[in-house]
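Asks: Sharing a structure with you now.
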């Protein structure tokens, strides 16, 4: 069983930093990456990072991951999240991939890791009213039928969030086939309203795969509770935090992260200063 993370640094920057002058803010990823690693290591002891050389040189080498694998990124920026799929391809055992802007403050994955009850783990299941890409299925019925991904008539308008995602190798192999079929169809111009492609391929693709194969899902943030209380409240109750979109570059949140590390992981706090001297101050961020 492996706990993994991944990060490919693109010349284009980040989908969450849309202006050229904001590209240097990519270095601010360090703070969320560092706290994410520390919380995962606390509960699961070993964290493996997959990254490309640009990511390693600019950020990853400053964080003491238990294992780092430098693998070059061959994906175009349109498919910026496919590097996560590449990391999954490298697995030879059951795994959980956690995005580097996710923090856990309890051993939240035990029920999936140590039980045979579940086929996959995901962060949460999006209800129809929160799934803004649900129309993709009805607009691409022919493609989904012909590619044997799913019968669109059984679709229930839901999706999954993959801030956390994990599975066995057998299931991984079949899931990746679905993602790659969707990606290829996008490249060939066969899809209607397939943006954001990252969400369609990875997250909707996972949900359609789950639905078709009637897989058992462990959702870290339980669907029934989210329906009642909302995802943010359930995240707080479960001690699970995901810094969505560009919040990871917000200086107010960064200060909160630094204070959290200073309080709960004081033995690592000096590494923040090392990074700030070598990267933040040199780049005048």
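The values are calculated or read from the model by the stated rules, or taken from the named source; none is laboratory data. Quick caveat: nothing in here was measured; it's all calculated off a predicted structure. No Cβ is skipped: glycine too gets one built from the backbone with ideal geometry, and neighbour counts run over all protein chains shown.
Asks: So, restricting to helices (runs of 4 or more DSSP H) that lie completely within the stretch 179-285, which ones have at least 3 residues that are over 20 Å from the mean Cα position of the chain (by Cα) and surrounded by fewer than 16 Cβ atoms within 10 Å (Cβ to Cβ)?
Replies: On the way: elements: 205-213, 223-229, 231-238, 251-264, 270-275.
It comes to 223-229, 251-264, 270-275.
Asks: Return yes or no: is residue 48 assigned by TED's automatic domain parsing to the domain that holds residue 257 and surrounded by fewer than 22 Cβ atoms within 10 Å (Cβ to Cβ)? Don't jump to the end; show me each part of the working.
Replies: On the way: assigned by TED's automatic domain parsing to the domain that holds residue 257: yes; surrounded by fewer than 22 Cβ atoms within 10 Å (Cβ to Cβ): yes.
So residue 48 passes the test.
Asks: How many of the residues in the stretch 66-111 are closer than 18 Å to residue 11 by Cβ, surrounded by fewer than 20 Cβ atoms within 10 Å (Cβ to Cβ), touching a helix residue (DSSP H, G or I) at 6+ places or on another chain (Cβ under 8 Å) and touching a residue at least 40 places away in the same chain (Cβ under 8 Å)?
Replies: Residues in the stretch 66-111 being closer than 18 Å to residue 11 by Cβ, surrounded by fewer than 20 Cβ atoms within 10 Å (Cβ to Cβ), touching a helix residue (DSSP H, G or I) at 6+ places or on another chain (Cβ under 8 Å) and touching a residue at least 40 places away in the same chain (Cβ under 8 Å): 4 in total.
Asks: Would you be able to tell me the number of residues in the stretch 157-177 that are in contact with a helix residue (DSSP H, G or I) (Cβ under 8 Å, 6 or more places away or on another chain), within 25 Å of residue 102 (Cα to Cα) and in a helix (DSSP H, G or I)?
Replies: At the first step, the residues of the stretch 157-177 found to be in contact with a helix residue (DSSP H, G or I) (Cβ under 8 Å, 6 or more places away or on another chain) are 157-162, 165-167, 172, 174-176.
From what's left, within 25 Å of residue 102 (Cα to Cα): 158-162, 165-167, 172, 175-176.
Among the residues that remain, those that are also in a helix (DSSP H, G or I) are: 172, 175-176.
Counting residues in the stretch 157-177 that are in contact with a helix residue (DSSP H, G or I) (Cβ under 8 Å, 6 or more places away or on another chain), within 25 Å of residue 102 (Cα to Cα) and in a helix (DSSP H, G or I) gives 3.
Asks: Hey, another quick one. From the list 249, 209, 265, which one is modelled with pLDDT under 95 and touching a helix residue (DSSP H, G or I) at 6+ places or on another chain (Cβ under 6 Å)? Please lay out each step first, then the result.
Replies: Details: 209 fails: modelled with pLDDT under 95; 265 fails: modelled with pLDDT under 95.
Being modelled with pLDDT under 95 and touching a helix residue (DSSP H, G or I) at 6+ places or on another chain (Cβ under 6 Å) holds for just one of 249, 209, 265, which is 249.
Asks: If you check 41, 53, which single one turns out to be surrounded by fewer than 20 Cβ atoms within 10 Å (Cβ to Cβ) and under 13 Å from residue 7 (Cβ atoms)?
Replies: Numbers: 41 fails: under 13 Å from residue 7 (Cβ atoms).
On inspection, the qualifying residue turns out to be 53.
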